[in-house]
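The values are calculated or read from the model by the stated rules, or taken from the named source; none is laboratory data. Remember, it's a predicted structure, so these values are computed and weren't measured experimentally. Reconstructed Cβ throughout: ideal geometry from the backbone, glycine too, with neighbour counts over all protein chains shown. Protein only, heavy atoms only, side chains kept; ligands, DNA and RNA dropped before computing areas. Shrake-Rupley method; radii C 1.70, N 1.55, O 1.52, S 1.80 Å.
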Amino acid sequence: VIDTAVNHIVRTMFSDLNTTLVNFESLWKQEREKNSTNGAPLTIITTTLSDYFNGLFGRIETKYFATIVTMCLDTCVMRYLIFLRDYAANKKEELTSKKDGSRFAIDCANLKTCFLCPALPLDVTLRDILNQKLTSVTNLVDLITQDYEGEHCQEIIHDIAKKYNGQYKSIGANVLAITSSLRPQTIGVAGDKAKLEYQTLIGTILDQYE
C-alpha cells in the first residue's frame, strides 16, 4: 500500500511537468536562441519538484520522503542523459559554443541545488547515493566543458572505459562520443585539431580496457 502511495505521489508530481519533459530539447533550444542563461527549461522542473519537496517534508515519514526524492532524481537524470544524446545526434554540423557549455554547467548546478539541498532531511548515506547518481550527468558535462587533459577528466574517461570494457566497449565509446560532439569548438584548424586530439585520447583509453 505504501509503495503504491509513493508511486502515485511521484506520478502526480511529474504529471505537472509532462509538457516540459516531453518537449525538453525543443524548449532548451528556444532558450538557446534567446541567449538565455536562466537555466530554463530545467529550472521549470527543479523549481516544481523543490516546491513539492517543501510541501511533503514533515507530512510523510522520512524514509518515504527519501524514496520520493530518489525516484524524482532518477527520472531527471535519465531525461537529461536522453537530452544530451539526442542533442548531440541532432546538431549535425553546428558547432557547440562556450555559451552552450555554460548552459550545460548551469543545468548541472540546478540539479545539485534541487537534490542535494542541505534543507532536505536526508542522511549522509543517502546524500552520497544521490550524488553518485548525479555523476551520470555531471561527469559527462565536465568532459564537455573542462580541459580534457586535466586529471579530473582523464579519471572520468578511464572510469567510463572500465565500466564498459570488453563486449560493452561500444557503449562506452557511444557515451564518450556524445561528449566529443558537444564540446565547445572554435572554427578553423585549431578547433578541428583539438577535437581530433580528444577523440584520439578517448580511443587510446578505451583500447586499454578491451
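Tabulated results
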| quantity | calculated |
| --- | --- |
| Residue identified as in contact (Cβ under 8 Å) with a residue 24 or more places away in the chain, over 15 Å from the mean Cα position of the chain (by Cα) and on the phi > 0 side of the Ramachandran plot among G172, G188, G166 | G166 |
| Members of the range 171-195 found to be of a type in the set (A, V, I, L, M, F, W, C) and farther than 22 Å from D86 by Cα, listed by number | I187, V189, A190, A194 |
| Any hit, the range 39-50, residues being open to solvent by 50 Å² or more (accessible area, probe 1.4 Å) and of a type in the set (G, A, S) | no |
| Filtered residues of the range 22-36 (kept if open to solvent by less than 80 Å² (accessible area, probe 1.4 Å) and in a loop (DSSP other than H, G, I, E, B)) | N23, S36 |
| Lone unmet requirement of (1) open to solvent by 80 Å² or more (accessible area, probe 1.4 Å); (2) modelled with pLDDT of 95 or more for T4 | (2) |
| Subset of the range 89-125 [in a loop (DSSP other than H, G, I, E, B) and either within 13 Å of the chain's Cα centre (by Cα) or farther than 15 Å from R32 by Cα (or both)] | K92, E93, L116, C117, P118, A119, L120, P121, L122, D123 |
| Selection status of T19, surrounded by 11 or more Cβ atoms within 10 Å (Cβ to Cβ), of a type in the set (S, T, N, Q), over 19 Å from D74 (Cβ atoms) and touching a residue at least 60 places away in the same chain (Cβ under 8 Å) | no |
| Residues satisfying the stated conditions in the range 83-104, i.e. without any contact (Cβ under 8 Å) to a residue 60 or more places away in the chain and either crowded, with 16+ Cβ neighbours inside 10 Å or closer than 24 Å to V6 by Cβ (or both) | F83 |
| Filtered residue count, the range 50-73, keeping only those that are within 18 Å of A5 (Cβ to Cβ) and assigned to a helix (DSSP H, G or I) | 15 |
